[in-house]
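Single-structure report; data block below.
All of the numbers you see were taken from the coordinates with simple rules; none came from a lab. Note that the structure is a prediction, hence the values are computed from the model and not measured. Note that we place each Cβ from the backbone using ideal geometry, even for glycine, and neighbour counts take in every protein chain shown.
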């Protein structure tokens, strides 16, 4: 120091000196942290009189840092994942994807044994046992995969941020073939039930109005095979009756209402919105068969709202109906039509379309394209139809082979007889 003396403070308060290189005073003090450890802190001052004010701020900052670091280590897995979901994933996820991930954390992580273990203490064995438990409880491959993917994404983030070991590195996800989930129960209409269902769709009240809102469009979906969200988002401008195709480029989704107020009786827990992409995030064109075209044209003729931007199945306030309303309507049509199949739903129409496509001998690649499914999903969901198609193809091939052999045998017999006649001559 050049002419500046060291200032000694009362015992335990540290001291102030002058740092020539920085042209500032420096106040040093040793403080004790809440866990009993001691740490020397220092602050730089323009004037020695600032020492207490500046040091108080510095101590508070250190205590806040200590509190944050210690509390983060006590967060259990489900709480840490909810925090990660809100701060990291929410800004980049679509609302539907956010709700789906939140549901996975709630149903598979929070309800499990590892959900309340401190997240940095969870081991590879803990997670592997959770995956095994879900499989043994016959959860679907999709649910198990969503759980695995959620944990994998979370621990990639946590291991980088908090410098902890990533327990997911050695976790093995079972293959779809090795999951114990029973095959999905696929319900569809046979030809007789299709006729009864379509007949009921045509029924009207004495006023001439359709008995069921959107019934003819639901009937048409037997031949279109759209997902219910895709059908409800369909607008007249998406249908090309000249080219006999319709464009599937959006879907109706249900999501939690971020503005829901439990104290407001008019506030709704869920809201509906049109998402400009379907399940596979790709637009596709679906062929309109003659029966589907006839039903759609008849539906348009009886509809109130037929502007290009109007929804094909439209409410009185020009909005799309909900999936629940659609399901209730289809159940009512099925019940009143007297079909053999009971408990029909929106899925029944799509499954019926799939059955018709397989029975018609359409190649599975084209069926996947029409339905908007991957081949893997299509084969697993419609395994019964695929097997029937293969049996029919094998039977047809067998008949053709038998017919060819019979013709060959007949030809050989004729040639043999001609040769015998030639020898006799």
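Remark on region 7-72: ratio of C-alpha radius of gyration to 2.2 N^0.38 Å is 1.21. Fully extending the segment from residue 359 to residue 261 would add 30.2 nm, taking 0.36 nm per residue of separation and subtracting the current Cα-Cα distance. Kirkwood radius and radius of gyration were both taken over the C-alpha atoms of region 77-178, and their ratio Rg/Rh is 0.94. The smallest convex shape that holds all Cα atoms of the chain, its convex hull, gives 323 Å³ per residue. Treating r as the C-beta distance of residue 335 and residue 152 and R0 as 51 Å, the FRET efficiency rounds to 0.70. Mean separation of Cα pairs under 8 Å and 6 or more residues apart, divided by the residue count, gives region 191-381 a relative contact order of 29 percent. Determine, from the Cβ-Cβ distance of residue 129 and residue 62 and an R0 of 56 Å, the FRET efficiency 1/(1 + (r/R0)^6), rounded to the nearest 0.05. Rounded to the nearest 0.05, the efficiency is 0.90.
For region 180-296, the fraction of C-alpha pairs farther apart than 18 angstrom is 64 percent. Considering only Cα atoms, the convex hull volume of region 191-381 works out to 148 Å³ per residue. For region 107-156, place one equal point scatterer on every Cα, skip the solvent, and apply the Debye formula. What is log10 of I(q)/I(0) at q = 0.14, 0.28 Å⁻¹? Results for region 107-156 at q = 0.14, 0.28 Å⁻¹ read -0.31, -1.26.
Taking 0.36 nm per residue of sequence separation and removing the Cα-Cα distance, the residue 17/residue 269 pair yields an extension gain of 84.4 nm. Computed over region 1-156, the range of Cα coordinates on each principal axis works out to 81, 34, 22 Å, biggest value leading. Computed from label points 7 Å out along Cα-Cβ, the spacing between residue 165 and residue 316 is 6.5 nm.
Under the criterion of Cα pairs below 8 Å and six or more residues apart, the relative contact order for the chain equals 12 percent. Here the simple spin-label model places points 7 Å from the Cα toward Cβ, and for residue 86 and residue 44 these points are separated by 3.8 nm. Annotation for residue 204 and residue 243: the two label points, set 7 Å from Cα along the Cα-Cβ direction, are 3.3 nm apart.
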